[in-house]
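Undergrad: Before anything else, here's the structure in question.
The values are calculated or read from the model by the stated rules, or taken from the named source; none is laboratory data. Not measured: the values here are computed from a predicted model. When we count neighbours, we look across all protein chains shown, and the Cβ atoms used for this are built from the backbone with ideal geometry, even at glycine. Note: accessible area is taken over every heavy atom of the protein model, side chains too, but ligands, DNA and RNA are not part of it. Shrake-Rupley method; radii C 1.70, N 1.55, O 1.52, S 1.80 Å.
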Amino acid sequence: MCSSDLVRPEASGIDAFSYIYRGGNGSATPVEVFYSSAPATLVEVEPNDTVPQVQKITVPVEISGQFQTRRDTDLFQFDAKSGEIFTIELFGQRNGNPSDPTFALDSVKLDDKGMETLTRVTAGEDNPLNLGGTLFNTVSDDPVYRFAVPADGTYRLTVRDRYFENRGDASLVYRLAIRRESPDFR
């Protein structure tokens with residue numbers, strides 16, 4: 001984080017550094033650069049708001065996106081095998097911006113006529129995990145979910161801002177990380 005900024009408790013577990021471009025005309029505004037925990041796909045590909053436009057991804061992956069317009073919904077679809085374990089994590093508040101990302105994870109089945117049936121696996125909103133108690137509250141508006149894949153198949157992730165019906169703006173940036181579970185010293 002920027003050396004002049006106070007690191008908020010909910011962002012304390014994020015690996016990042018501040019970069020400040022210093023040129024002949026002075027210094028630019030600091031930009032946070034976050035370390036990726038999975039192979040990075042630079043951005044979401046718009047349009048990806050409807051089923052025919054769903055963005056197909058290969059996991060593990062990290063994607064940056066925006067809730068650019070009112071009612072913006074981003075759809076991502078991936079294949080996974082039974083027994084694989086992934087952490088699905090959205091970053092908004094912890095990255096210091098006003099987005100409040102949520103997601104829904106569904107299993108996608110196609111019948112012999114090509115008709116889709118979705119089965120809800122989970123919905124993710126806030127992360128209630130508080131490692132620091134009342135003095136260092138790490139609760140966040142960013143969802144985190146441990147996804148133990150129940151069966152080989154296709155899964156669809158629907159990502160939105162909690163207030164998607166009322167707002168949309170290029171400043172509502174999020175980062176989606178779907179990475180293999182790999183416990184570390186933390």
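Undergrad: Right, Arg146: of a type in the set (Lys, Arg), in contact with a strand residue (DSSP E or B) (Cβ under 9 Å, 6 or more places away or on another chain) and open to solvent by 20 Å² or more (accessible area, probe 1.4 Å) or not?
TA: Yes; evaluated as a whole, the condition is true for this residue.
Conditions tested, residue by residue: (1) modelled with pLDDT under 85; (2) open to solvent by 50 Å² or more (accessible area, probe 1.4 Å); (3) not basic (Lys, Arg).
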| position | (1), (2), (3) |
| --- | --- |
| Arg22 | no, yes, no |
| Gln77 | no, no, yes |
| Ser82 | no, yes, yes |
| Pro101 | no, no, yes |
| Met115 | no, yes, yes |
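Undergrad: Tell me which residues, restricted to the range 47-82, are out of contact with any strand residue (DSSP E or B) (no Cβ under 8 Å at 6 or more places or on another chain) and in contact (Cβ under 8 Å) with a residue 40 or more places away in the chain.
TA: The answer is Gln68, Thr69, Arg70, Arg71, Lys81, Ser82.
Undergrad: Evaluate the following for Arg156: is it over 21 Å from Pro47 (Cβ atoms) and either modelled with pLDDT under 90 or surrounded by 18 or more Cβ atoms within 10 Å (Cβ to Cβ) (or both)?
TA: No: the conditions fail for Arg156.
Undergrad: Next question. Of all residues in the range 159-185, how many are more than 14 Å from the chain's Cα centre (by Cα), open to solvent by 70 Å² or more (accessible area, probe 1.4 Å) and over 18 Å from Glu62 (Cβ atoms)?
TA: Counting residues in the range 159-185 that are more than 14 Å from the chain's Cα centre (by Cα), open to solvent by 70 Å² or more (accessible area, probe 1.4 Å) and over 18 Å from Glu62 (Cβ atoms) gives 7.
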